[in-house]
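To keep things clear, I will list the structure first and then write my remarks on it.
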Amino acid sequence: MNYRNDWTKEEISEIFNSPILDLIYRAATVHRGHNDAQEVQVCTLLSVKTGGCPEDCAYCPQAARYHTDVKVHKLLPTEEVLGKAKEAQEAGSTRFCMGAAWREVRDNKDFDRVLDMVKGVNAMGMEVCCTLGMLTEEQAKKLKDAGLYAYNHNLDTSEEHYDEIISTRTYDDRLDTLDNVRNAKISVCSGGIIGLGESEGDRIGMLHTLATLPEHPESVPVNALVPVEGTPLEDQPRVSVWEMIRMIATARIIMPKAMVRLSAGRVRMSVEEQALCFMAGANSIFAGDKLLTTPNPDAVEDKEMFQILNLKPRKAFKGSAAVKFEQIPGVA
């Protein structure tokens, strides 16, 4: 199957709505044609600045305007973050992602501290990822120069449904940030969330946007909403595993080389359900007991699952021309 970025919504819809077992089989075939099906990228996500966000994302407990149990804390000390990264590496993670509850990156001392964190984690030999909100191309280049490997900026949902979920930034704002990341030659991580009250057409629309970017994202997280009390979406019903499988399998077929990440919502899945997701093409997970502010399976459970399914962690920087920070010419 050839790499394409000219998919139509009709083509994606036909794939998405094919009989579920046929869909899994097709996705598994594509997956094995482009990836080592036993390899799963293990990532760790740490909230380095939590809560107090001025945005109004309807799913997010970190929005200042919602009354949730999230405790606000300022940017963590660099030494603490590097310690967490080392713990994650020793537990088997090869990518370390740092998230800050900012609407956008500002050129200030906090951003300078994040740059130091990126340098420190990259020097450990881990892939470093950040999710810091909107950023300019100049800021993206500063992150790249510090050794950033990937930047996460999710679309969340389709362009048509977007205004029902967020009003404090536009869909084009998100696409502009992805352009800035790509122009800085940073790996793009972008996906979305299902279970936000969107239609099937919205799910197909989001996948269509991702698959028709000039270059596919290198990582595509597929999240199931974890409803949090105090947010507008607190009463949304749980997404079924079959809905997750359809998203993962379709993403795998239309973006065959991407890392498709089984992300939020995994804590509610049995090993058998996760196995179906891996069969359908998922080859990346978040490890650790928390994803920013929502629960996640613990390391012992994931280790047992890897043993049962004969999975192995993907090595850092595999198939990449990226270099570690200490290898960058002119950097002490």
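The values are calculated or read from the model by the stated rules, or taken from the named source; none is laboratory data. Values in this document were obtained by computation on a predicted structure and should not be read as measured data. Every residue, glycine among them, receives a Cβ derived from its backbone with ideal geometry; neighbour counts consider all protein chains shown. Remember, those area values only see protein heavy atoms, side chains included, never the ligands or the DNA or RNA. Shrake-Rupley method; radii C 1.70, N 1.55, O 1.52, S 1.80 Å.
Residue count for the range 100-157 satisfying the condition of being more than 30 Å from ASP202 (Cα to Cα), of a type in the set (S, T, N, Q) and buried (at least 17 other Cβ atoms within 10 Å of the Cβ): 2. Beta carbons closer than 9 Å, at least 6 apart along the sequence or on distinct chains, pair a first residue in the range 7-25 that is within 10 Å of ALA249 (Cα to Cα) with a second that is at pLDDT 95 or above and surrounded by fewer than 16 Cβ atoms within 10 Å (Cβ to Cβ) for PHE16/GLU200; ILE20/TRP242; LEU23/ASN17. When the residues of the range 258-287 are filtered to those that are charged (D, E, K, R) and open to solvent by 10 Å² or more (accessible area, probe 1.4 Å), the one that is modelled with the lowest pLDDT is ARG268.
Within the range 223-257, restricting attention to residues that are among the charged types (D, E, K, R) and part of a helix (DSSP H, G or I), the residue that is surrounded by the fewest Cβ atoms within 10 Å (Cβ to Cβ) is GLU243. Here is a check on your reading of the model: is GLN62 in contact (Cβ under 8 Å) with a residue 24 or more places away in the chain, over 21 Å from GLY192 (Cα atoms) and either open to solvent by 10 Å² or more (accessible area, probe 1.4 Å) or not polar (S, T, N, Q) (or both)? No.
Scan the range 177-197 for residues that are over 15 Å from THR212 (Cα atoms), assigned to a helix (DSSP H, G or I) and not hydrophobic (A, V, I, L, M, F, W, C) and the total you get is 3.
For first residues located in the range 175-199 and in contact (Cβ under 8 Å) with a residue 60 or more places away in the chain, partners that are open to solvent by 10 Å² or more (accessible area, probe 1.4 Å) and among the charged types (D, E, K, R) and lie 6+ apart or on another chain with Cβ distances below 7 Å form the pairs SER187/GLU218; CYS189/GLU218. Among residues of the range 91-102 that are of a type in the set (Lys, Arg), those with a beta-carbon under 8 Å from a residue that is open to solvent by 10 Å² or more (accessible area, probe 1.4 Å) and assigned to a strand (DSSP E or B) at least six positions away or on a different chain give the pairs ARG95/VAL42; ARG95/THR44.
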